[in-house]
Amino acid sequence: MPRINTLGVLTSGGDAPGMNAAIRAVVRTAKYYDMKVMGIRKGFEGLIHGDIFEMSARDVSDIMHRGGTILQTARSTEFKQIEGVRRAVSTSKYFGIEGIVVIGGDGSFRGARDLCTEGLPAVGIPGTIDNDISCTEYSIGFDTAINTAKEAVDKIRDTATSHERCNIIKVMGRASGNIAINVGIATGAEAVLIPEKEIDFTRDIAEPISLGKKRNKKHFIIILAEGVADSGDLEKRIEAEVGLETRTTILGYVQRGGSPTVVDRVFASQMGSYAVELLRDGIGNRIIGVKGGRIYDIDIYEGLDMPKIIRDDLIELSKILSI
Ligand code: ATP
């Protein structure tokens, strides 16, 4: 593949803190190498419909510390059809875009893969608070999201202790328990319920609560990933069957926002810069990830075929430490 002189950049799927730092790194690295950068608004939707503008180094001033994404994001149903992908490729050609950086989750990478198949070289940068992309140990936004959730749980714990209550705290993660398990360990939760593991009410909730009471525990904190169960039903069942006053807090979208942590800013900066260097060298059809703590890249088709890893070690650790 020849060297690329004009590249596009977009953010897609759910937004994540740190996406702006990645956009900034893409734009500034491209400018450093005298390349042209086209910003695409609202993900693949903007690529299909030509919501595209040229970006300068100054367009990304003052954005590093902001959550969200200045390019905005969208979920595009049109792009899931091959006609949508082909339209996106022809719009790219019209704007002179020879290669594209896609910042998003694995759904967005499937879209990026389709662009590659239709002849537009793409490089994916993992940006999702769920950290659920198989081919990378880390995705931008995860550290900020778990720190936000951690702060909320710490506060709830104070009041849970005063009232000797059970608190269910629902965190994000429809199909992934990564946020829940990490927050659970970091806050010393008594139970962590994740979508990857089947739940047995007696084994996972009722018995640990009874044991905790015998051991003089003053509170009981359950971290519930949103994809597992209805928190209202769970709350009623605990009150009815275990006899413990229970309150639920749904953290919701606060986990998506906020100023990105240093970890997110540094990974985003490294990944954004690396993506441009790959395209500049004429290398496309890659996903950037973290492996053994270091930035690496993998073929996009291969990366998307990798099986999801369930961190049984962390699940076990949270159980051991909650006695
Ligand atoms: P998050 O993990 O934050 O939800 P995501 O990137 O996985 O991020 P999705 O909504 O799954 O979010 O995908 C974003 C967009 O990528 C979709 O709206 C769609 O346009 C495109 N996309 C998703 N799945 C596919 C697919 N299988 N083929 C082609 N395009 C896809």
ask   = Could you give every pair whose Cβ atoms fall below 7 Å, whose first residue belongs to segment 115-134 and is in contact (Cβ under 8 Å) with a residue 24 or more places away in the chain, and whose second residue is among the aromatic types (Phe, Trp, Tyr), counting only separations of at least 6 or pairs across chains?
value = GLY124/PHE109; ILE129/PHE142; ASN131/TYR138; ASN131/PHE142
query = So, of the residues in segment 29-38 that are surrounded by fewer than 24 Cβ atoms within 10 Å (Cβ to Cβ) and in contact (Cβ under 8 Å) with a residue 60 or more places away in the chain, which turns out to be nearest to the ligand (Cβ to nearest atom)?
reply = THR29
query = Does ILE181 qualify as being outside any helix (DSSP H, G or I), buried (at least 23 other Cβ atoms within 10 Å of the Cβ) and either in contact with a Cys (Cβ under 8 Å, 6 or more places away or on another chain) or aliphatic (A, V, I, L, M) (or both)?
reply = no
task = Test ARG66 against the stated conditions and say whether it is away from the ligand (no atom under 16 Å from the Cβ) and under 20 Å from the mean Cα position of the chain (by Cα).
result = yes
Cross-chain or 6+ apart pairs with Cβ under 9 Å, segment 167-188 first and in contact (Cβ under 8 Å) with a residue 12 or more places away in the chain, then open to solvent by less than 40 Å² (accessible area, probe 1.4 Å) and of a type in the set (Phe, Trp, Tyr) = ASN167/PHE220; ASN178/PHE142; ILE179/PHE142; ASN182/PHE142
query = Within segment 204-323, which helices (runs of 4 or more DSSP H) (wholly inside it) include 3 or more residues that are within 24 Å of SER108 (Cβ to Cβ)?
reply = 262-280, 300-305
note = Counted residues in segment 98-115 being buried (at least 24 other Cβ atoms within 10 Å of the Cβ) and more than 11 Å from the ligand (Cβ to nearest atom) come to 3
message = Of everything in segment 69-91, what is within 12 Å of the ligand (Cβ to nearest atom) and either more than 13 Å from GLY111 (Cα to Cα) or among the basic types (Lys, Arg) (or both)? Give them in sequence order.
response = THR69, THR73, ARG75, LYS80
key: Matching residues in segment 302-323 - criterion: being surrounded by 14 or more Cβ atoms within 10 Å (Cβ to Cβ), β-branched (Val, Ile, Thr) and at pLDDT 90 or above   = ILE315
note = Here the residues within segment 133-166 that are at pLDDT 95 or above and open to solvent by less than 20 Å² (accessible area, probe 1.4 Å) are ILE133, CYS135, THR136, SER139, ILE140, GLY141, PHE142, THR144, ALA145, ALA149, VAL153
request  = Confirm whether MET64 is open to solvent by less than 30 Å² (accessible area, probe 1.4 Å), over 20 Å from ASN131 (Cα atoms) and modelled with pLDDT of 95 or more.
outcome  = no
remark   = So, first residue free of Cβ contacts under 8 Å to residues at least 40 places away in the same chain in segment 45-67, second residue in a loop (DSSP other than H, G, I, E, B) and among the aromatic types (Phe, Trp, Tyr), Cβ within less than 7 Å, six or more apart or across chains; the pairs are none
inquiry  = Can you tell me which residue is most open to solvent (accessible area, probe 1.4 Å) among those in segment 122-132 that are more than 8 Å from the ligand (Cβ to nearest atom) and either under 24 Å from ILE309 (Cα atoms) or more than 23 Å from the chain's Cα centre (by Cα) (or both)?
reply    = ASN131
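The values are calculated or read from the model by the stated rules, or taken from the named source; none is laboratory data. In this text the structure is predicted, and so the values were computed from the model without any measurement. As a convention, Cβ positions derive from the backbone with ideal geometry for all residues, glycine included, and neighbour counts pool all protein chains shown. Side chains are part of the model used for accessible areas, which takes the heavy atoms of the whole protein and leaves out ligands, DNA and RNA. Shrake-Rupley method; radii C 1.70, N 1.55, O 1.52, S 1.80 Å.
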